[in-house]
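The values are calculated or read from the model by the stated rules, or taken from the named source; none is laboratory data. Here the structure is a predicted model, which is why all the values come from computation and not from measurement. Neighbour counts are summed over all protein chains in view; Cβ atoms, including those assigned to glycine, are modelled from backbone coordinates with ideal geometry.
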Amino acid sequence: MNGWAWTALVLYLGWMVTAFGVRAVVQRRRTGDAGFRGISGRPGSASWWAGVLFVAALIGGGAAPVAALAGLPELPGTDSPVLHWAGLAVTLAGTALTLAAQTDMGASWRVGVDDNEHTALVTAGLFAHVRNPVFTAMAVTATGLVLMVPSPVAVLALAALVAAVQLQVRVVEEPYLADLHGGGYAAYTARVGRFVPGVGRQGA
């Protein structure tokens, strides 16, 4: 188990560094802005909880393999090499998709939303298939890590991420983009699914 926990920890840290650290450096060099907007909304609001849960999910994702290395047992019935290897493949795929989706966003990449900021509506690349490919890819990565280190901590981190993404997209980002892009965004949401191709299209 320790071998898989170490592998998961290294992959998670590498994903964090590239998805947030390297991406922020690239963004600053290209635009003069690292792209971080932080948690939005007043404390206790849905948008605030989205940010808090997102931070909790990121912390939990790293804590899961650390807890496994410290001796936290796997969930019953999950000690399977097939499961762990599948988790490795899913984690690598999710990491690659995260980086690809961030690249597709270009100058519009942000962590969080500033209501006073006007960014371009991205509809090309992976965004031609789903409206939130970065979040989808992050969920895929987190699922892979759960399979590699199937512990209660990993499951809770995945649950926190899913809840955070749902709140962030539905409560924060979709209203913001609808106000900013109007009919263009409405047409986009009518033809492209929210997280999975064809699923979650507005008016479908």
Note down all Cβ pairs under 9 Å where the first residue falls in the range 2-15 and is at pLDDT 95 or above, the second is outside any helix (DSSP H, G or I) and surrounded by fewer than 21 Cβ atoms within 10 Å (Cβ to Cβ), and they're at least six residues apart or on different chains.
none
Restrict the check to the range 88-101 and report whether at least one residue is of a type outside the set (Asp, Glu), surrounded by 15 or more Cβ atoms within 10 Å (Cβ to Cβ), over 17 Å from the mean Cα position of the chain (by Cα) and modelled with pLDDT of 90 or more.
yes
Just need a number here: residues in the range 8-39 that are of a type outside the set (D, E, K, R) and more than 20 Å from the chain's Cα centre (by Cα).
2
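For every residue, the table says whether it meets (1) closer than 14 Å to Thr103 by Cα; (2) in contact with a Lys or Arg (Cβ under 7 Å, 6 or more places away or on another chain); (3) not basic (Lys, Arg).
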site: Asn2; (1), (2), (3): no, no, yes
site: Ala5; (1), (2), (3): no, no, yes
site: Val17; (1), (2), (3): no, no, yes
site: Val25; (1), (2), (3): yes, no, yes
site: Arg28; (1), (2), (3): yes, no, no
site: Gly35; (1), (2), (3): yes, yes, yes
site: Ile39; (1), (2), (3): no, no, yes
site: Pro43; (1), (2), (3): no, no, yes
site: Trp48; (1), (2), (3): no, yes, yes
Considering residues of the range 1-58 that are hydroxyl-bearing (Ser, Thr, Tyr) and surrounded by fewer than 17 Cβ atoms within 10 Å (Cβ to Cβ) only, the residue farthest from Thr78 (Cα to Cα)
Thr31
With the structure loaded, tell me whether Val22 is in contact with a Gly (Cβ under 9 Å, 6 or more places away or on another chain) and part of a helix (DSSP H, G or I) or whether it fails that test.
no
Under 7 Å between Cβ atoms, which residue pairs at least 6 apart in sequence (or on different chains) link something in the range 86-111 that is within 15 Å of Gly21 (Cα to Cα) with a partner that is of a type in the set (D, E, K, R) and in a helix (DSSP H, G or I)?
Gln102/Arg23; Trp109/Arg23
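What helices (runs of 4 or more DSSP H), lying completely within the range 115-204, carry at least 2 residues that are of a type outside the set (A, V, I, L, M) and either over 15 Å from the mean Cα position of the chain (by Cα) or modelled with pLDDT under 95 (or both)? Walk me through it before giving the result.
Values: elements: 133-148, 152-167, 174-181, 183-191.
Qualifying helices (runs of 4 or more DSSP H): 174-181, 183-191.
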Which residue is farthest from Leu167 (Cα to Cα), if the candidates are limited to the range 135-144 and must be surrounded by fewer than 22 Cβ atoms within 10 Å (Cβ to Cβ) and aliphatic (A, V, I, L, M)?
Val140
Unmet criterion (only one of (1) farther than 26 Å from Ala56 by Cβ; (2) touching a residue at least 40 places away in the same chain (Cβ under 8 Å)) for Ala124:
(2)
For the range 172-191, pairs from a residue that is without any contact (Cβ under 8 Å) to a residue 12 or more places away in the chain to a residue that is assigned to a helix (DSSP H, G or I), with Cβ under 6 Å and 6 or more apart or across chains, are Ala178/Tyr185
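So is Arg28 in a helix (DSSP H, G or I), in contact (Cβ under 8 Å) with a residue 60 or more places away in the chain and of a type in the set (Lys, Arg) or not?
Working: in a helix (DSSP H, G or I): yes; in contact (Cβ under 8 Å) with a residue 60 or more places away in the chain: no; of a type in the set (Lys, Arg): yes.
In short, no.
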Within the range 109-134, residues being within 19 Å of Thr31 (Cβ to Cβ), of a type outside the set (A, V, I, L, M) and surrounded by 15 or more Cβ atoms within 10 Å (Cβ to Cβ) number 5
